[in-house]
Number of protein chains: 2
Amino acid sequence: VEIAILVFDGLTALDAVGPAEVLWRIPGAELRFTGKERGPVQTETGPLRVFADHELDEVTAPDVLLVPGGFGTRRLLADEAVLDWVRSVHERTRWTTSVCTGSLVLAAAGILDGLRATGHWLQMERLGRLGATPTPERVVREGKVITAAGVSSGIDMALHLAAIEAGEDVAQAIQLAIEYDPQPPFDAGSPDRAPAHVVDQVRAAAAAREPPL
Amino acid sequence: VEIAILVFDGLTALDAVGPAEVLWRIPGAELRFTGKERGPVQTETGPLRVFADHELDEVTAPDVLLVPGGFGTRRLLADEAVLDWVRSVHERTRWTTSVCTGSLVLAAAGILDGLRATGHWLQMERLGRLGATPTPERVVREGKVITAAGVSSGIDMALHLAAIEAGEDVAQAIQLAIEYDPQPPFDAGSPDRAPAHVVDQVRAAAAAREPPL
């Protein structure tokens, strides 16, 4: 199973690393961290840099495409080289997937036209403007397209994908290996249940960081 | 808040990136990815490489130390340069923390002597042999030492830490920003609840990968 993970400046590290931590454990999986150029990529996560090991044109027919999110996706929405690659790769994938605002990139590439899709809760309107049918669920599967909600949801999505690709025993073994038995200290992970003043604060902080398009 | 995250060949990427994704969002936080040498670090997560931005002797008094796990920790248990740094830094930290088998490194440095501590469920015996009192909980706090269980537990631990350092509103805002509303497709994240044959399989696979010491 060849799995291409798109990496780009301003990606949210956990969007890529959560799924990667699950997916590399699928027997036979080969992950390809793929960027516009080979070399270091500046994530938006603190000063963390990760490596792109492959350039776009070296990865032409992965079985799985994963597009993570982050504020850096906004630049990709007008980057025809990236959008062309996403479209071209999507023609042959078994699964085309995104985490968080990665779904905006799939949408800008035209892949989500008329499809139900999810993404970060703050970006559901934009997702709709880009042609998808915003669907506020944790993981949304439409044919071979699987989108996941904000950041940490990529772990859940990847476990679904592991089960589809390799069976439930393998997916459960991976869940156990990474001891994914979540016990968040608060019940604030969804805008439906977080305190209203916390929702307002996150909304304002995100708006202040939103780059101009 | 200066937060040193130790990076080393063979670390489990999610052990470091899960907490990093939470901690960089604390107002005023500065993350220092710190390794024996500056430069690329090969994680055990697929071919993913991350960067060490700082060498050990450049980071002498962080407020928080975080030691992630991974099979690469086994080499650190006999690496006096790393253990000396951990001991020295620990003298001045507000919080000394670990994720997964990172607790083995804290134990080898003598920091967990007689303290309750957790780590990956497969390594609790070894943790005991290194002087800690193995405690199979998700997050264990003993004074200023906080240990977390396997891999994904670092996210929960970091939210606890964010609440202690910056208050519950900030921690909840971070949880909401990363949409940490986990919905694993299976209930297999703990050896108590995963099917027995899955537990056996993970145990055997881990034993086969265990490097000689």
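Points to keep in mind about this one:
- Enumeration of residues in the stretch B:140-175 that are of a type in the set (A, V, I, L, M, F, W, C) and surrounded by fewer than 21 Cβ atoms within 10 Å (Cβ to Cβ): B:A163, B:I164, B:A166, B:V170
- Residue satisfying all of: in the stretch A:1-31; surrounded by fewer than 24 Cβ atoms within 10 Å (Cβ to Cβ) and free of Cβ contacts under 8 Å to residues at least 40 places away in the same chain; farthest from the other protein chains (Cβ to nearest Cβ) among these: A:G28
- For A:A166: the one exception among (1) within 7 Å of chain B (Cβ to nearest Cβ); (2) within 26 Å of B:D15 (Cβ to Cβ); (3) among the aliphatic types (A, V, I, L, M): (1)
- Checked across the stretch B:176-188, the condition of being open to solvent by 30 Å² or more (accessible area, probe 1.4 Å), in contact with a strand residue (DSSP E or B) (Cβ under 6 Å, 6 or more places away or on another chain) and at the interface with another protein chain (Cβ under 9 Å from one of its Cβ atoms) holds for no residue.
- When the residues of the stretch A:125-148 are filtered to those that are under 22 Å from A:R75 (Cβ atoms) and within 14 Å of the chain's Cα centre (by Cα), the one that is nearest to the other protein chains (Cβ to nearest Cβ) is A:A148.
- Among residues of the stretch B:44-76 being of a type in the set (D, E, K, R) and within 12 Å of chain A (Cβ to nearest Cβ), the one that is nearest to the chain's Cα centre (by Cα) is B:E44.
- From A:A109, A:A132, A:A117, residue being crowded, with 24+ Cβ neighbours inside 10 Å and touching a Pro at 6+ places or on another chain (Cβ under 8 Å): A:A117
- Within the stretch B:32-43, being surrounded by 17 or more Cβ atoms within 10 Å (Cβ to Cβ) and away from chain A (no Cβ under 13 Å) holds for one residue alone: B:K36.
- Filtered residue count, the stretch B:56-72, keeping only those that are over 10 Å from B:R32 (Cβ atoms) and of a type in the set (D, E, K, R): 2
- Yes/no for B:R203 being more than 7 Å from chain A (Cβ to nearest Cβ) and among the charged types (D, E, K, R): yes
- Complete set of residues in the stretch A:189-201 that are within 21 Å of the chain's Cα centre (by Cα) and surrounded by fewer than 24 Cβ atoms within 10 Å (Cβ to Cβ): A:S190, A:P191
- B:L122 outside any loop (DSSP other than H, G, I, E, B), hydrophobic (A, V, I, L, M, F, W, C), under 26 Å from A:P19 (Cβ atoms) and within 17 Å of the chain's Cα centre (by Cα): yes
- Selection status of B:D84, over 17 Å from the mean Cα position of the chain (by Cα), open to solvent by less than 40 Å² (accessible area, probe 1.4 Å) and more than 14 Å from every other protein chain (Cβ to nearest Cβ): no
The values are calculated or read from the model by the stated rules, or taken from the named source; none is laboratory data. Just so it is clear, the model here is predicted, and its values are computed rather than measured. Neighbour counts are summed over all protein chains in view; Cβ atoms, including those assigned to glycine, are modelled from backbone coordinates with ideal geometry. The accessibility values were calculated without ligands, DNA or RNA, using every heavy atom of the protein model including side chains. Shrake-Rupley method; radii C 1.70, N 1.55, O 1.52, S 1.80 Å.
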